[in-house]
Each structure stands twice: as C-alpha cells, then as structure tokens.
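Trainee: There's a structure below that I have some questions on.
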Amino acid sequence: MPIALLALAVGAFAIGTTEFVAMGLLPEMAATFGVSIPTAGWLVTAYALGVVVGAPTLTALGHRFRRKHLLLALMVLFTAGHVATALAPTFGLLVAARAVSALAHGAFFGASAVVARRLAPPGREGLAMALGFTGLTVANVVGVPLGTALGQQVGWRTTYAVVAGIGLLTIAALALLVPDVDASGGTLRTELAAFRSAQVWLTLGLTVVGFSGLFTVLSYVAPIATGLAGYAPASVSWLLVLFGLGATAGNLAGGRLADWSVPRTLVLGLLAQAAVFALFALAGGSRAATAAAVFGFGFAGFAMTTSIQTRAIVAAGGGAGMVAAAQQAAFNTGNALGAYLGGLVLDLGLGYRSPMVVAAVLTLAGLGVLGVSLRAERTGRAPLEPVQLPRAGRVTTR
C-alpha cells in the first residue's frame with residue numbers, strides 16, 4: 001500500500017482525538033470559565049455543527065484545488081483552530097474556536113477517501129480507504145484516553161496544544177508523502193449534480209438512520225455501565241478503550257470486506273449490530289456482557305464505514321468529492337440524532353436498557369433503507385452508476 005496513506009492516517013488520528021476528547025474534559029473546561037456542564041456541552045454541539053456546515057461548504061470552495069493542496073489547506077485551518085482553542089480567553093471564543101476547528105473535519109475525510117481510492121492498487125480500494133481512516137479508530141484507543149488524562153492532570157489547554165502539534169505533523173507528512181493528485185476534473189455544477197441521484201440520498205439516509213443507533217448507546221455508555229452493569233466510574237475509560245479496539249479491528253476487516261462486496265458487508269454489518277444491541281438489552285446487567293457488547297457494536301459499526309463511503313462515492317459519479325464530504329455530515333447528523341433519542345428515553349424514565357432497544361430499532365430501520373436502495377438498483381429504477389476514478393479497480397456493487 002502507498003506510504004501516503006500514513007499521512008492520511010495521522011490526520012485522521014488528530015481529528016478523531018479532538019472530536020471525542022472534549023466529552024471527557026467538559027468538567028475542566030466548564031470550571032475554567034465558571035459555566036455549568038450543560039452550558040459546556042455547547043462545545044460538543046459547536047463541533048458537530050461545524051462538521052455539518054464545513055463538509056459541503058469547504059468541499060465546494062476547494063473543488064478546483066488539487067487534492068494534496070486541499071488537504072494541506074484543510075489541515076492548516078484545523079491546526080489554527082486548535083491554537084485558538086488552547087489560547088481562548090473567554091468561553092464564547094472557545095466555542096467559536098471549536099466550531100472553526102470542526103470546519104475542516106468532513107472535507108478532510110471526504111478528500112482523504114477520494115485520494116486513498118486513487119492511490120490504491122486495483123481491487124484494493126476498500127482496504128486503502130480503511131487504512132487511511134485507521135487513525136480515527138486508533139484515536140479512540142490511544143488519543144482520547146491519553147488526551148483526557150493529560151487534560152485532567154495538566155490542564156485541558158495542554159491537550160488541545162498537543163492536538164495542534166499533531167496537526168503540524170500532519171501538514172509535514174502530507175507535504176512529504178502525498179503525491180500531487182489532481183482535482184476532481186469536474187465543475188461545481190457537476191459535483192452538485194450528483195445529488196440528483198436517488199442512490200446518493202438513499203445512501204446518506206442509510207448513514208443517518210443506520211449509524212445513529214451506534215451513538216444512541218455510545219453517548220450514554222458511562223451511565224449504562226455504572227448504573228446497570230455496576231462498573232466503577234474509573235473503569236469506564238477502559239470500556240472506551242475496548243470500544244476503540246473493536247472499532248479499529250472492524251475498520252481493518254471492513255476494508256477487506258468492502259473489496260469483497262459492499263452490499264453484503266452492509267447487510268451483514270447491520271444485522272450483526274442489531275443483534276448486539278438486542279443481546280445487550282437482555283444481558284446488560286452483566287459486566288462481561290457489557291464489555292462484549294461495547295467491543296461488538298464498535299466492531300460491527302466500523303466494519304461498515306468503508307462500504308458506506310464506497311457506495312456513496314460510486315453513486316456520486318463525477319460528484320465524488322461533494323458526496324464523500326456530505327457523508328461526513330450525515331455521520332455527524334446520525335451522531336446528534338442518536339444522542340438525542342438516547343437521552344429522550346432516559347429522561348422519560350424508561351431505564352438504562354431503553355437506549356439499546358432504540359438503537360436496535362434504528363439499525364433495523366437502516367437495513368430497511370438499504371433494502372429499498374438495493375431493490376431500486378436491481379430493478380433499474382435507481383441505478384448505481386460507477387465512479388470514474390483513475391486506477392480504480394472493481395468493487396462489487398451487486
């Protein structure tokens with residue numbers, strides 16, 4: 001595999017760390033500015049909104065740039081946002097700095113996915129994309145726990161300064177290792193025309209609905225683990241490491257599975273994830289079952305990410321860049337939807353098993369969306385057009 005994928009993985013590690021570490025450092029950031037924890041939660045919301053806004057906007061503005069130059073510009077913006085985060089003198093400016101940092105998130109992953117496919121040997125596009133995204137899952141194993149511990153011991157500003165340093169390292173790696181891949185070759189109108197495809201919208205819908213179940217449970221894994229399974233609060237960080245290990249293993253397996261068959265990988269992944277949530281709801285009072293479930297839904301969820309991104313790119317045709325970025329916005333929309341629904345059933349007093357039931361239902365709903373998409377493709381009512389990418393090998397779409 002091309003060494004350029006290492007540069008993409010380092011960037012993914014930086015982004016993955018900053019996306020999730022804020023959840024563990026909210027008390028420290030709230031204390032610094034004298035705000036409540038719910039108010040500090042705007043730091044998480046601002047980041048998610050930044051991803052949703054930045055993914056399509058920056059991809060549209062940068063569609064004429066060569067991919068290497070676009071990746072470099074996005075990482076410069078990301079790094080500058082983290083310098084501003086580490087130095088923010090007021091809570092309002094901290095929220096703004098988090099939003100600025102997030103603007104590059106979706107566009108970077110979208111461009112990274114396209115570059116990985118172009119650099120991959122024929123028939124290995126899925127594995128190449130998975131390797132590029134490996135940094136995101138490794139961040140959950142290494143970056144988030146270490147970043148949280150560092151912020152709690154030394155101060156949260158230090159954590160974000162370190163992330164800024166990783167951003168600088170990524171800029172150097174991109175400059176040295178990534179070849180000068182050209183722009184998409186199409187106009188902005190061509191990129192936007194991809195959204196006329198029913199398959200593009202079905203794929204985005206699958207991402208929002210099918211993957212929101214993961215965040216319905218993950219967002220509340222701490223109270224579920226302590227309140228239902230009896231884990232000590234200090235043990236929750238180890239459960240998050242276990243989730244990261246499952247996500248990393250699933251991501252690597254998912255790359256090979258995507259090269260085997262995209263639709264079969266999605267069907268099997270959604271069925272497996274729904275089964276994990278259902279079994280978790282039944283046996284969630286057991287510590288062993290909780291640990292197994294956390295690893296299991298991390299594995300099943302991330303085993304599908306390469307396939308869903310591949311299907312979106314294939315459906316997009318000439319608009320691969322915009323749709324790949326829109327996928328990142330869809331993932332974060334699913335994140336917000338899952339967290340909202342999980343919190344809703346908990347607020348209604350339905351107990352700690354209720355988010356797992358909701359997650360299983362959402363996952364099965366995603367399977368229904370996939371079924372509609374595959375049927376429309378099979379009958380010819382909404383064909384899945386192959387993307388025209390240099391050196392693209394065969395990906396099984398049927």
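Every read-out reported here was derived from the displayed coordinates using simple, explicitly stated rules and does not represent laboratory data. These figures come from a predicted structure and were not determined experimentally. In this analysis, Cβ positions are derived from the backbone assuming ideal geometry, glycine residues included, and neighbour counts consider all displayed protein chains.
Trainee: Can you tell me how much longer the chain between ALA149 and ALA232 gets when fully stretched, taken as 0.36 nm per residue apart minus their C-alpha distance, in nm with one decimal?
Mentor: That works out to 28.2 nm of additional length.
Trainee: For region 185-398, what is the largest minus smallest coordinate of the Cα atoms on each principal axis, given in angstrom and ordered from greatest to least?
Mentor: Principal extents (Cα only, largest first): 55, 33, 30 Å.
Trainee: Among VAL372, VAL141, VAL100, determine the one that fluctuates most according to a GNM of the chain built with springs between C-alpha atoms less than 10 Å apart.
Mentor: Most flexible of the set in this elastic network: VAL372.
Trainee: Once phi is turned into θ = phi - 60°, what whole-Hz ³J(HN,Hα) does the Karplus curve with 6.51, -1.76 and 1.60 give for every residue of region 233-246, x standing for Gly and Pro?
Mentor: Result, ordered by residue: x, 5, 7, 4, 4, 6, 5, 5, 5, 4, 4, x, 5, x Hz.
Trainee: Please compute the length gained on full extension between VAL372 and LEU176, using 0.36 nm multiplied by the number of residues separating them and subtracting their Cα-Cα distance.
Mentor: 66.2 nm
Trainee: Karplus couplings for region 39-53 from phi (6.51 cos²θ - 1.76 cosθ + 1.60, θ = phi - 60°), rounded to Hz, Gly and Pro as x?
Mentor: For region 39-53, the Karplus-derived couplings read 5, 4, x, 4, 5, 6, 5, 4, 5, 4, 5, x, 5, 4, 6 Hz, x marking Gly and Pro.
Trainee: Here is a follow-up. Going by how many other Cβ atoms sit within 10 Å of their own, how do THR17, THR333, THR379, THR216 line up, fewest first?
Mentor: THR379, THR333, THR17, THR216
Trainee: From the residues LEU43, PHE33, GLY151, which one has its Cα farthest along the dipole of region 1-183 in the positive direction, the dipole being from +1 and -1 charges on Cβ of Lys/Arg and Asp/Glu about the Cα centre?
Mentor: After comparing all options, I get LEU43.
Trainee: Run the quick spin-label model on THR90 and LEU279: label points 7 Å from Cα toward the beta carbon, then report their separation in nm to one decimal.
Mentor: 5.3 nm
Trainee: If you don't mind, there's one more thing I want to ask. Could you order the peptides 80-90, 282-292 from most to least packed, using the average number of other C-beta atoms within 10 Å per residue?
Mentor: Per-residue mean Cβ counts within 10 Å order the peptides as 80-90, 282-292.
Trainee: Between rounded, prolate and oblate, where does the chain land on the alpha carbon gyration tensor, with a ≥ b ≥ c its root eigenvalues, rounded for a/c under 1.5, else prolate if a/b exceeds b/c?
Mentor: Oblate is the answer for the chain, as a/c is 1.5 or above yet b/c matches or exceeds a/b.
Trainee: Same structure again: So how strong a dipole does the chain carry about its Cα centre when Lys and Arg Cβ are +1 and Asp and Glu Cβ are -1, to the nearest 20 debye?
Mentor: 860 debye
Trainee: If packing is taken as the average count of other Cβ atoms within 10 Å, what order do 110-116, 254-260 fall into, highest mean first?
Mentor: Ranked by mean Cβ neighbours within 10 Å, highest first: 110-116, 254-260.
Trainee: How big is the gap, in Å, between the Cα center of region 276-325 and the Cα center of region 49-93?
Mentor: 26 Å
Trainee: Along the Cα-to-Cβ line of LEU350, 7 Å from the Cα, sits a label point; which residues in region 264-282 have backbone N less than 20 Å from it?
Mentor: Output list for this probe position: 273-282.
Trainee: List the equivalent ellipsoid semi-axes of region 47-182 in whole Å, largest first, each obtained as the square root of 5λ for an eigenvalue λ of the Cα gyration tensor.
Mentor: 27, 18, 13
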